[in-house]
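To start, the structure under review is shown below, and the notes come after it.
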Ligand SMILES: [Zn+2]
């Protein structure tokens, strides 16, 4: 199945692109998608899968959540400054 | 009621949203938690806009490496008074009619209810998630709107949390970032502080659209804005009860 992934703020900067597509076996989980993303974009390894804020189609997800074809993952770097 | 001087002072914005809205601003009580990079522009713009009562909370004193972004303070303020106290003096010069209360100790679980019970809106201008989660829990329980922003480098994020209507901070950011010394440039904090003040003004006056259920990010390096719709986590340990989704 095909999953879209969007990189927000400095994740986009690190990856050099602001979106990408992933091809994963049916029933793949968020964790697997993030591991694949880290393989494709090694600069994200430091954050994935644990240290990023992740939404699927705007919804809260857990790492074990199963993805569906055409789901869109939004990936936010954790920032805390003020 | 607005007096003649206030009508003149706020004339240009009354042209936008009318006298009734200006009166709402005058009656509003707003807490700004953290008076640093975000808190400086938030408090300046809310003071200028005529928010009636501001409560500034910050226990730190200005340090030299704060001055690239914490625009309320200058060299003469270094290591003297707490930021909340120093900020009040500056803001009073800008608008003597605003009531400003300060608290110069750390906000914590033991004192948060006493401190924030009588404010209408809480503005998160903090630099750590530990205290942000505390504000979030309090605001969800007390049903108070919470304006959240966080910044780093040339990047930032902002959302307006209205308990019972939007996801809470815990729904959106369930895991805290690692504690680091974060890079930041003044313009990023300035930009997001102004957006937070803008959220307060719109929320109080009812004029304009708030970032309700929306997470807005801006990359000042590439001038790129994004806004995504976010939904509450039905099993959020903090807010799911406020949606009636979880019963004990
Ligand atoms: Zn929640």
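Below, the figures for the structure above:
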{"quantity": "Any chance residue A:53 is surrounded by 14 or more Cβ atoms within 10 Å (Cβ to Cβ) and over 23 Å from residue B:167 (Cα atoms)", "calculated": "no"}
{"quantity": "Residue count, segment B:209-242 (criterion: touching a residue at least 60 places away in the same chain (Cβ under 8 Å) and more than 13 Å from chain A (Cβ to nearest Cβ))", "calculated": "1"}
{"quantity": "Failed criterion for residue B:178 (all others in (1) assigned to a helix (DSSP H, G or I); (2) within 11 Å of chain A (Cβ to nearest Cβ) hold)", "calculated": "(1)"}
{"quantity": "Selection from segment B:143-160 of residues that are away from every other protein chain (no Cβ under 14 Å) and under 15 Å from the mean Cα position of the chain (by Cα)", "calculated": "B:144, B:145, B:160"}
{"quantity": "Condition check for residue B:206: within 14 Å of the ligand (Cβ to nearest atom), at positive phi and either away from chain A (no Cβ under 13 Å) or crowded, with 23+ Cβ neighbours inside 10 Å (or both)", "calculated": "no"}
{"quantity": "Enumerated strands (runs of 3 or more DSSP E) restricted to chain A, each holding at least 3 residues that are under 29 Å from residue B:191 (Cβ atoms) and touching a helix residue (DSSP H, G or I) at 6+ places or on another chain (Cβ under 9 Å)", "calculated": "A:2-7, A:53-56, A:72-76"}
{"quantity": "Which numbered condition residue A:22 fails, given (1) over 14 Å from residue B:173 (Cβ atoms); (2) in contact with a strand residue (DSSP E or B) (Cβ under 6 Å, 6 or more places away or on another chain); (3) within 14 Å of chain B (Cβ to nearest Cβ)", "calculated": "(3)"}
{"quantity": "Odd one out for residue B:130 among (1) within 14 Å of the chain's Cα centre (by Cα); (2) more than 12 Å from the ligand (Cβ to nearest atom)", "calculated": "(1)"}
{"quantity": "Enumerated strands (runs of 3 or more DSSP E) restricted to segment B:121-164, each holding at least 2 residues that are closer than 24 Å to residue B:178 by Cβ and in contact with a strand residue (DSSP E or B) (Cβ under 6 Å, 6 or more places away or on another chain)", "calculated": "B:146-152, B:155-161"}
{"quantity": "Residue under evaluation residue B:88, criteria (1) crowded, with 20+ Cβ neighbours inside 10 Å; (2) closer than 22 Å to residue B:207 by Cβ, criterion not met", "calculated": "(2)"}
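Read-outs throughout are calculated quantities, based only on the coordinates presented, and are distinct from any laboratory measurement. Keep in mind that this is a model prediction, so the values were computed, not measured. Using ideal geometry, Cβ is built from the backbone for each residue, glycine included, and neighbour counts are taken over all protein chains shown.
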